[in-house]
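What follows draws every value from the coordinates through simple rules; no lab data is involved. The structure displayed is predicted, hence computed values, not measured ones. Neighbour counts are summed over all protein chains in view; Cβ atoms, including those assigned to glycine, are modelled from backbone coordinates with ideal geometry.
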Amino acid sequence: MNDTPGWASPGSAPSEGQGAQVPRPAEPVDQTGPASNWSSKQPPAGQWSAPPPPPGPGWGGPQHHGGWGAPPAAKPGVIPLRPLSVGEILDGAVSTLRAHWRTVLGITITVSVVAEIGNILVTRYLLPDPVEIDSDADSEEALRQAVDSLQSSTLSLVPMMIIALIATLFTTALLTMVISRSVLGRPVTIAEAWQEARPQLPQLLGVTLLLPLMAAGIVTVAALPGMALGGAGGAALAVLGIIAALPVAIWLMIRFTLAPSALMLERQGVIAALRRSAKLVSGSWWRTFGIVLLTTVLSTIVSMIIAIPFSIVALAADDGGVGGFVSGDLPAYSWTYLIITGIGAIIASSITYPITAGVYVLLYIDQRIRREALDIELGRAAGLPGYGTESPPGATTGSQ
């Protein structure tokens with residue numbers, strides 16, 4: 001029984017059955033007409049190999065990746081249709097931003113502006129004043145002040161985390177549709193991306209909430225014995241529990257990191273998307289972890305490069321100036337500072353959102369190419385010559 005559902009392309013109806021088992025053709029059929037959507041028929045999982053070109057002079061047929069003298073793989077859009085290297089995944093994400101910059105920036109700038117306005121209002125009116133720690137207090141009082149400061153900081157992050165969650169939800173949903181079209185070399189408007197993404201938003205919200213809550217729950221359970229014990233010994237035990245739980249939480253987050261892409265592109269439910277991600281990541285956990293870590297580091301560096309100059313300008317433009325910030329006399333959360341730093345945050349988010357989303361979607365596509373020969377279905381959907389649109393004799397067709 002095949003448990004790898006086919007790719008549901010933008011514009012196609014959700015598949016009600018399992019994908020078909022379609023063996024890779026020995027010789028592709030020349031079919032130049034564009035496919036209306038990506039076929040839900042799926043070849044069996046296995047090692048990737050491109051279809052050989054038909055005999056005769058010239059390149060002919062679908063291009064593929066091979067040894068010396070082999071033509072390069074077909075590239076209808078931002079990536080070649082073969083297993084991708086880390087550099088090609090990053091390049092594909094950046095190429096999507098360049099190729100569809102109007103749509104991508106229209107999405108990310110809109111979401112970033114709304115999110116940043118929310119952050120500014122929350123920071124200005126809802127966040128409590130920072131807890132001051134008295135340097136002359138005894139050790140017990142200093143510890144109490146430190147705990148109060150930590151609690152205040154943690155509570156102040158909650159509304160911002162909610163705003164960030166909503167922003168991530170919309171950017172992930174819309175950009176996933178844009179990137180899936182860019183792989184086929186097809187343009188997409190914001191309205192088209194919204195129309196395709198909207199039915200999956202409730203399920204995507206479920207995945208977006210479930211993953212961080214699951215990680216936080218694991219860490220909290222590990223810290224509970226120390227928190228219940230109390231005192232210095234309890235604090236040490238809680239820290240040890242958190243340290244022990246973090247690798248488990250990270251392992252689960254990476255295992256399910258492809259769930260949003262599977263949910264959006266295969267029209268999956270929440271649990272089915274989690275299972276799908278676990279299957280695709282299985283055997284490639286360390287590679288997936290490395291790519292996710294690299295993407296996170298690069299996004300953080302880009303954000304800092306953009307944010308730091310805006311922070312300096314904000315301090316200089318504020319009434320207190322840089323000197324007031326150093327001396328501690330700068331008014332907390334002044335409008336000048338918040339607006340200027342908010343502009344920097346909008347610019348940073350508009351660049352990092354599409355790159356991060358692109359890496360996750362292209363990583364999902366890469367895993368399916370490696371395991372399920374998705375390159376054949378992508379070639380058919382892109383209307384490339386030689387990939388054909390009909391199943392060979394004897395192929396089992398899944399229910400539609």
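Could you tell me how far the Cα centroid of region 276-304 sits from the Cα centroid of region 71-95, in Å?
Rounded to whole Å, the Cα centres lie 17 Å apart.
Classify region 343-388: rounded, prolate or oblate, from the alpha-carbon gyration tensor (a ≥ b ≥ c, eigenvalue square roots; a/c under 1.5 rounded; otherwise prolate if a/b is larger than b/c)?
Verdict is oblate for region 343-388.
Would region 221-274 count as rounded, prolate or oblate if I go by the C-alpha gyration tensor, calling it rounded below 1.5 in a/c and otherwise prolate when a/b exceeds b/c, oblate otherwise?
prolate
Which of the peptides 247-259, 171-183, 220-232 is most tightly packed, and how do the rest follow, going by the mean number of other Cβ atoms within 10 Å of each residue?
In descending order of packing, they fall as 171-183, 247-259, 220-232.
Please work out the Cα center distance from region 211-250 to region 352-372, rounded to the nearest Å.
32 Å
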